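Contents: one structure, followed by commentary.
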Amino acid sequence: MTTYKRNNSIIPSDTLNLGRYCDEIEENLDLNYKLNGLINHIGNHNSGHYYSICRSPINNKWYNFNDSLISYHGNEFSRGTMDSDRKSTRLNS
């Protein structure tokens, strides 16, 4: 069997409307959801590393969570914000 990993960069919107996935929708039902986090994978289909990007509920800004490192990601989620030279803070266990 042949396997491969897609390396497409997918930049989602800040909101997701689930209305198009529902057969029946109740009147006045809000199906818009605010994106609060993503999981990313670096590597190939056999190995690699996962990290997440999450929005703070306190200040509404985005942060990278990579093992014990936390770094500021930005105010918005947009293409080109995956820079590795951002200031990081190491968590003490």
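Using θ = phi - 60° and the Karplus relation 6.51 cos²θ - 1.76 cosθ + 1.60, list the HN-Hα couplings for segment 23-31 in order, rounded to whole Hz, with x at every Gly or Pro.
Values, residue by residue: 6, 10, 10, 5, 5, 6, 8, 7, 10 Hz.
Output the peptides 54-67, 22-35 sorted from most to least packed, where packing is the average of other Cβ atoms within 10 Å over each peptide's residues. Walk me through the intermediate numbers first.
Numbers: 54-67: 13.9, 22-35: 8.6.
Ranking the peptides 54-67, 22-35 by packing returns 54-67, 22-35.
Name the residues whose placed amide hydrogens come within less than 5 Å of the amide hydrogen of Lys61, ignoring near sequence neighbours (fewer than 5 apart) on the same chain.
For Lys61, whose amide H was placed from the backbone, the distant partners under 5 Å are Ser56.
How much length is gained if the chain between Ser68 and Arg20 is pulled fully straight, taking 0.36 nm per residue apart and subtracting their Cα-Cα distance, in nm to one decimal? Before the final figure, lay out each step's value.
Values: separation 48, 0.36 × 48 = 17.28 nm, distance 3.83 nm.
Working it through step by step, the gained length comes to 13.5 nm.
Accessible area of Ser47, 1.4 Å probe, to the nearest 10 Å²?
70 Å²
Pull up all non-local amide H partners of Leu69: gap of 5 or more, or a different chain, and H-to-H distance under 5 Å with H placed in the peptide plane.
Leu91
Rounded to whole Hz and in sequence order, give me ³J(HN,Hα) for segment 35-43 from the Karplus expression 6.51 cos²θ - 1.76 cosθ + 1.60, θ = phi - 60°, writing x for Gly and Pro.
5, 10, x, 9, 10, 10, 10, 10, x
Quick check: residue separation of Asn75 and Asn44 times 0.36 nm, minus the Cα distance between them. What number comes out in nm? Walk me through the intermediate numbers first.
Numbers: separation 31, 0.36 × 31 = 11.16 nm, distance 2.93 nm.
Result for the pair: 8.2 nm of gain on full extension.
From the phi of every residue in segment 44-50, what ³J(HN,Hα) in whole Hz does the Karplus formula 6.51 cos²θ - 1.76 cosθ + 1.60 yield, where θ is phi - 60° and glycine or proline is x?
3J(HN,Hα) across segment 44-50, in whole Hz: 10, 6, 9, 7, x, 9, 9.
The values are calculated or read from the model by the stated rules, or taken from the named source; none is laboratory data. Everything quoted here is computed from the prediction, not taken from an experiment. All Cβ positions, even for glycine, are placed from backbone atoms using ideal geometry, and neighbour counts span all protein chains on display. Keep in mind that these areas ignore ligands, DNA and RNA; they rest on the heavy atoms of the full protein, side chains included. Shrake-Rupley method; radii C 1.70, N 1.55, O 1.52, S 1.80 Å.
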